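Structure first, commentary second.
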């Protein structure tokens, strides 16, 4: 089953969040650039499988939050197509305390 989770942090320290999450999740993010994602963002994994995206909560077109339901969270972490939702949730809870779970979707 594919699971999609969204986490957020109110911190504006985007590059510090990257370091914290790399340690917590035991991954190495790659720097990416995309207008769709609001400029610089970080990605781990392949888009065809499990992947994580760390980005600012900013829609580059209108300047509103990209996740309009969560405007107080400046930094967003998307865990896409993961079979390890519970495991990753625990790692984030224990090692990246500034991040909170915002959304969880199971897709069959």
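Rule-based calculations on the coordinates, nothing more; no lab input. What you see is a predicted model, and the numbers here were worked out from it, not measured in a lab. All Cβ positions, glycine included, derive from the backbone under ideal geometry; neighbour counts span all protein chains shown.
Number of residues in the stretch 1-17 that are loosely packed, with under 13 Cβ neighbours inside 10 Å and more than 16 Å from residue 42 (Cα to Cα): the value is 1. For the stretch 87-97, the set of residues classified as more than 18 Å from residue 51 (Cβ to Cβ) and out of contact with any helix residue (DSSP H, G or I) (no Cβ under 7 Å at 6 or more places or on another chain) consists of 90, 93, 94, 97, listed by residue number. The number of residues in the stretch 69-83 that are within 15 Å of the chain's Cα centre (by Cα) and over 14 Å from residue 7 (Cβ atoms) comes to 2. Of the strands (runs of 3 or more DSSP E) lying entirely inside the chain, those containing at least 1 residues that are in contact (Cβ under 8 Å) with a residue 60 or more places away in the chain are 2-9, 75-82, 100-107.
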